[in-house]
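Taking it in order: structure first as structure tokens, then the write-up.
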There are 2 protein chains.
Amino acid sequence: MSLLVVGSVAFDTVKTSHGVAEEVLGGSATYCAYAASLFTPVWLVSPVGEDMPARHLEDMQRRRIDTTGVRIVKGGKTFRWAGRYSDDFLERTTEQVDLNVFEDYDTTIPEAYRGAEYVFLANGAPEAQRAVLEQLPGRKLAFLDTMDHWITGSREELLGVMKMVDGLVLNDEEARLLTGESNLLTAARRITAMGPRIVVVKKGEHGAILIEDGRPFVLPARLTETVVDPTGAGDCFGGGMIGYVAQTGETSVAALKRGVLYGTVIASFCIEDFSLNRLKAISLDDVEQRREEFLAMISWG
Amino acid sequence: MSLLVVGSVAFDTVKTSHGVAEEVLGGSATYCAYAASLFTPVWLVSPVGEDMPARHLEDMQRRRIDTTGVRIVKGGKTFRWAGRYSDDFLERTTEQVDLNVFEDYDTTIPEAYRGAEYVFLANGAPEAQRAVLEQLPGRKLAFLDTMDHWITGSREELLGVMKMVDGLVLNDEEARLLTGESNLLTAARRITAMGPRIVVVKKGEHGAILIEDGRPFVLPARLTETVVDPTGAGDCFGGGMIGYVAQTGETSVAALKRGVLYGTVIASFCIEDFSLNRLKAISLDDVEQRREEFLAMISWG
């Protein structure tokens, strides 16, 4: 089934104990689209600057990511993010954010994408997310991702767009920030009372929680010793989840739980290298193989 | 099968957002024994002072905890611990520790207990743990719990006793402290290279990891909104695990994984009230019912 991903395509500069990656491809929608494209074709909408090399978009097209919706803004510069991780990866510090063309962009959805049934609004301004949703009357399942910047800076707009979607994806700190509640189960349940029937809380190395109709589903993350760069792992999780579900054509909680499983597995690849390097190198066979290995890790039978 | 639990029986003073419990029954061996006794009779060895009311020991006996090994030290005072939790339960501060009779006690194991096949050495001095193990030549499965105090203060003694046991139980911070390694999988694997073939890392609200022969098993914790006092949850986890395994008579990893599942469930009861209050009130039926509910929470099928 058709899947539309909207969000940022960016250049990241990342420092970890494994080295520095300068001006490498990143962005919430990029990670999300690459993860989802393992399961299904993806329509990608994002603004980029004239500094975006054509090869990045060509790479996407080879992975059945349609880039018709990636608009090159004349005279514009692509979104930049710079950050570093502590040696133990438990802390992340943002060193620079230049929204550039992502600050206020044309959210017109190409005519060909307007029939999208599955929608993932990767991290971005709630106003833009709303504008996108209003152009997609036929959506069957829409998910929204967000971050602290919008929770504190555009709270009312975020609360508004939350009422338009089926699901919200956010991390544990963001869930606490949004609700003022430290208990994650309470926080997640409160969020479902704010609009979305499904809430997925990402806990990084501790896994994820999905809540639907007050009922929680919990999945640990895959234990690994190989962490090179965690950037984009949360977006890969979301992209893997929605990509799998879009492929099934379902909107059930059972399908979403299996999606969380796939999202977890794909995020575990993402962190093994800088940028999209690892994600570009894997196939669905690799995903299935690691899924089996992960299932063995969480089975007590 | 016979199960011997050795460690502290204590009085705790605990402050949480739900109130203050003063001089209530606590101690690593107490929590562990109550949890294990849901599955199998327990032989308990611990020193207490003359200030220990007989009713506490009578309560234990009614729960098939044999207290022949609980020695009342003449003129002695029982171990005291005082601490408080932050409102979100993410931080614990120890306000007072008075080891009293637990500082240096007679570790002679009663003759009747020396044939113990299953042994859980709850938190205590490594020297005492070693002295106990030396009196138990017929043990089939011995687990050791420890804490930061011994890891930093009695490191050599701890490393020695770790070579005498089958398994080590410790929390994530302790695993990092013991190995100097922040990655938990790496830390746990290093610990198995130090002696015990099994390492169980407790991550509190994030669940637990069991490593055997380098292979990890991961289980999330049960999500709950009802947290009154987390004291003793880790000891209940260990007690539930070893109690279940002792009942089966097995020593296999498969049995231990099921034990981790039961330990998780029993710990989830422990935190619902102060002291041993909740644990005293539940039966194995309650445990089985919550186990089913927990399995539903972690099943994606």
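The values are calculated or read from the model by the stated rules, or taken from the named source; none is laboratory data. Keep in mind that this is a model prediction, so the values were computed, not measured. Quick reminder, even Gly has a Cβ in these numbers, built from the backbone with ideal geometry, and neighbours come from all protein chains shown. Calculation scope for accessible area: heavy atoms of the full protein, side chains included, ligands and nucleic acids excluded. Shrake-Rupley method; radii C 1.70, N 1.55, O 1.52, S 1.80 Å.
I'd like the full set of residues that are charged (D, E, K, R), surrounded by 12 or more Cβ atoms within 10 Å (Cβ to Cβ) and outside any loop (DSSP other than H, G, I, E, B), limited to region A:53-86.
A:D59, A:D66, A:R71, A:R80, A:R84
List every residue pair whose Cβ atoms lie under 7 Å apart, where the two residues are 6 or more positions apart in sequence or sit on different chains, the first residue falls within region A:135-162 and is free of Cβ contacts under 8 Å to residues at least 24 places away in the same chain, and the second residue, located anywhere, is assigned to a strand (DSSP E or B) and open to solvent by less than 10 Å² (accessible area, probe 1.4 Å).
From region A:135-162, the pairs are A:R139/A:V119.
Report yes if A:T179 is within 13 Å of chain B (Cβ to nearest Cβ), at pLDDT 95 or above and open to solvent by 20 Å² or more (accessible area, probe 1.4 Å), otherwise no.
yes
Looking only at region A:22-40, how many residues end up being assigned to a strand (DSSP E or B), open to solvent by 10 Å² or more (accessible area, probe 1.4 Å) and in contact (Cβ under 8 Å) with a residue 12 or more places away in the chain?
2
Of the residues that make up region B:224-231, is at least one open to solvent by 40 Å² or more (accessible area, probe 1.4 Å), within 14 Å of chain A (Cβ to nearest Cβ), modelled with pLDDT under 95 and outside any helix (DSSP H, G or I)?
yes
Filter region A:204-213 for residues that are open to solvent by 20 Å² or more (accessible area, probe 1.4 Å) and outside any strand (DSSP E or B); which is farthest from the other protein chains (Cβ to nearest Cβ)?
Checking each candidate, the answer is A:D213.
For region A:99-121, enumerate the residues that are open to solvent by 20 Å² or more (accessible area, probe 1.4 Å) and among the hydroxyl-bearing types (S, T, Y).
Hits for region A:99-121 are A:Y105, A:T107, A:T108.
Just to be sure before I move on: is A:P216 modelled with pLDDT of 95 or more, open to solvent by less than 20 Å² (accessible area, probe 1.4 Å) and not charged (D, E, K, R) in the structure I sent?
In short, no.
Would you mind telling me which numbered condition in (1) among the hydrophobic types (A, V, I, L, M, F, W, C); (2) within 10 Å of another protein chain (Cβ to nearest Cβ); (3) within 14 Å of the chain's Cα centre (by Cα) B:L184 fails?
That leaves (3) as the condition not met.
Only one residue in B:S2, B:S17 is more than 16 Å from B:D235 (Cα to Cα), in contact with an Asp or Glu (Cβ under 7 Å, 6 or more places away or on another chain) and open to solvent by less than 40 Å² (accessible area, probe 1.4 Å), so which one is that?
Going through B:S2, B:S17 in turn, the sole match is B:S2.
Where in region B:245-301 are there helices (runs of 4 or more DSSP H), lying fully within it, with 1 or more residues that are without any contact (Cβ under 8 Å) to a residue 40 or more places away in the chain, within 14 Å of the chain's Cα centre (by Cα) and within 10 Å of chain A (Cβ to nearest Cβ)?
Of the helices (runs of 4 or more DSSP H) lying wholly inside region B:245-301, those with at least 1 residues that are without any contact (Cβ under 8 Å) to a residue 40 or more places away in the chain, within 14 Å of the chain's Cα centre (by Cα) and within 10 Å of chain A (Cβ to nearest Cβ) span B:253-270.
Can you confirm whether region A:153-160 contains a residue that is modelled with pLDDT of 95 or more, part of a loop (DSSP other than H, G, I, E, B), touching a helix residue (DSSP H, G or I) at 6+ places or on another chain (Cβ under 8 Å) and under 20 Å from A:S28 (Cβ atoms)?
Looking through region A:153-160, at least one residue is modelled with pLDDT of 95 or more, part of a loop (DSSP other than H, G, I, E, B), touching a helix residue (DSSP H, G or I) at 6+ places or on another chain (Cβ under 8 Å) and under 20 Å from A:S28 (Cβ atoms).
(1) modelled with pLDDT under 95; (2) open to solvent by 30 Å² or more (accessible area, probe 1.4 Å); (3) of a type outside the set (D, E): which one isn't true of A:G195, the others all being true?
Single failed check for A:G195: (1).
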